[in-house]
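This report concerns only the one structure given below.
Please treat every number below as a calculation from the coordinates, not as lab data. Values in this document were obtained by computation on a predicted structure and should not be read as measured data. Glycine also receives a Cβ, built like all others from the backbone with ideal geometry; neighbour counts cover every protein chain displayed.
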Protein chains: 2
Amino acid sequence: MKDFESTAETLIRSTGDRVTGARVHVLAVLLGAGRALTHNEVEARLEPELGINRVTVYRVLEWLTQRNIAHKLSGEDRVWRFSVQEQGHGGQHPHFVCNACGRVLCLADSDESPKPRLPVGFQSTEMELTVKGLCDACNEHSRRTAARGKK
Amino acid sequence: MKDFESTAETLIRSTGDRVTGARVHVLAVLLGAGRALTHNEVEARLEPELGINRVTVYRVLEWLTQRNIAHKLSGEDRVWRFSVQEQGHGGQHPHFVCNACGRVLCLADSDESPKPRLPVGFQSTEMELTVKGLCDACNEHSRRTAARGKK
DNA sequence: CTCCAGTTGCAACACAAATGCATTTGCGTG
DNA sequence: CACGCAAATGCATTTGTGTTGCAACTGGAG
């Protein structure tokens, strides 16, 4: 955990902006998550005694996104999710969303880019590819239990 | 307009569920739109004298989605958008989102599907490809204002 | 140490969407 | 063709995510 905090501090310091407790702790949570987290998930993983405000978490996440340290993506449940920008991913990597537990994680970039044809006059700046399905845990779980309502 | 309503009625009747005014009118609006509409846009296009409630529009749109008549997708602004499921599109077609005006429309399917590699144990059921950029109108508009001098 | 722009906390707000419940309505049945 | 009832609707209220205005605080430069 402390490892993530020092990494977080280094990343934040490299932006030239202020190194504050909230920024370090929020980024450390994202670094330790290994997947995209919602604002609520980030808040829940912060030590309560730190006393970091809900709004501050929003603003830190927004700040991280602007500095290209984190990546902001919209899920199917109209909730923002944030993940640390891993090295080599230019922000164009595809994401996987689990239909059962809602987990979101980043996938390795595909070798080829699909590039659908656009109508005339249209201009593409970026592309987001989202693969939906079952993650390993939910896949295993659903295989074990025959019929069950989904979450 | 009336043409869309009769098409809508046929589609709704084919589900075996009830054919109600709200369902016919809402679906007719979607059929005539040619692009994905938000709940608000649908509501705005309904004749006010029909007196269709806001909540009813939500429920009809949800019902249309469940019956696979409409397609529900989430934009970057955390607002649901609904489009009629066109024939031949298995719900796998890519979408285009305009960064300026927020318009969403369906694109023709690409020749090949990219299929990024998934981690072990993961299972893919569907995929959503969203292309972001500027639509024809906004593209033209930004080109004109840029030529007029920078702001 | 002092200062102050950049941050944070707090409260109040904005807004899409969901829910509980009473009322209405489509449509199969007698 | 009237009747009955589950499905559908209208209305008020609630939920949950995210935003904003403003006062108080603080990191770090000097």
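Order these by the 10 Å Cβ neighbour count, fewest first: B:C135, A:C98. Write out the running numbers ahead of the final one.
Values: B:C135 24, A:C98 21.
Starting with the residue having the fewest Cβ neighbours, the order is A:C98, B:C135.
Quickly estimate the mean residue ellipticity at 222 nm for the protein assembly as shown, helices only: each DSSP H run with n ≥ 4 gives -39500 (n - 2.57), and the total goes over all residues, rounded to 500. All intermediate terms of the calculation are to be shown ahead of the outcome.
Numbers: 10 runs with 111 residues, N = 302.
The helix contribution divided over the protein assembly as shown gives -11000 deg cm²/dmol.
Give me the count of lysine pairs in the protein assembly as shown whose alpha carbons sit under 19 angstrom apart, restricted to pairs 8 or more positions apart or on different chains.
Count of close lysine pairs: 11.
Rg and Dmax of region A:20-63, using alpha carbons, in Å: what are they?
Here Rg and the maximum Cα pair distance are 9.2, 24 Å.
Taking 1 over the mean of 1/r across every pair of different Cα atoms in region B:4-80, what Kirkwood radius in Å do you get? Mind dumping the intermediate values first?
Working: mean 1/r = 0.0797 Å⁻¹.
12.6 Å is the Kirkwood radius here.
Would you mind counting up the charge near A:R35? Only other residues with Cβ under 10 Å from its Cβ, with Lys and Arg at +1 and Asp and Glu at -1. Write down the numbers at each step before the final one.
On the way: positive: A:R81, A:R103; negative: A:E41.
With Lys, Arg at +1 and Asp, Glu at -1, the neighbours total +1.
For the protein assembly as shown, what does the convex hull of the Cα positions come to per residue, in cubic angstrom?
On the way: hull volume 60.2 nm³, N = 302.
Enclosed volume per residue, from the Cα hull, is 199 Å³.
Placing +1 on the Cβ of each Lys and Arg and -1 on the Cβ of each Asp and Glu in chain B, which of B:A100, B:V24, B:V57 has its Cα farthest towards the positive end of the resulting dipole?
With unit charges placed on the Cβ atoms, the residue in question is B:A100.
What's the Cα-based Rg to Rh of region B:2-147, Rh via Kirkwood? Intermediate values should be presented prior to the final figure.
Details: Rg = 17.3 Å, Rh = 16.9 Å.
My calculation puts Rg/Rh at 1.02.
For region A:1-72, which trypsin sites (Lys or Arg not before Pro) pass both filters: DSSP loop (anything but H, G, I, E, B) and at most 10 other C-beta atoms within 10 Å? Provide the component values of the computation, followed by the final result.
Values: sites: A:K2, A:R13, A:R18, A:R23, A:R35, A:R45, A:R54, A:R59, A:R67, A:K72; in loops: A:R18, A:R35, A:R67.
Passing sites in region A:1-72 are A:R18.
So for chain B, averaging the separation of alpha carbon pairs under 8 Å that are six or more residues apart and normalising by length, what relative contact order in percent results? Walk me through the numbers on the way to the answer.
Numbers: 170 pairs, mean separation 27.1, N = 151.
About 18 percent, as a whole number.
When DSSP assigns beta bridges and you keep just the ones with both residues in chain B, what percent turn out antiparallel, to the nearest 5?
Values: 11 of 15 bridges.
Percentage antiparallel, nearest 5: 75.
Using the 7 Å Cα-to-Cβ label point, sort the distances from A:D17 to its equivalents in the other copies shortest first and give them in nm to one decimal.
Reported distances to equivalent positions: 4.5 nm.
With each label point set 7 Å from Cα along the Cα-Cβ vector, what nm distance links B:N139 and A:S14?
Rounded to a tenth, the inter-label distance reads 3.6 nm.
Compare B:A137, B:A28, B:A70 in a GNM of chain B, Cα atoms joined below 10 Å, and give the one with the largest fluctuation.
Of the options given, B:A137 has the highest mean-square fluctuation.
Taking the Cα centre of region A:2-144 as origin, sum charge times position over the Cβ atoms of Lys and Arg (+1) and Asp and Glu (-1), and report the length of that vector in debye to the nearest 20.
Details: 18 positive and 19 negative charges, 57 e Å.
Rounded to the nearest 20 debye, it is 280 debye.
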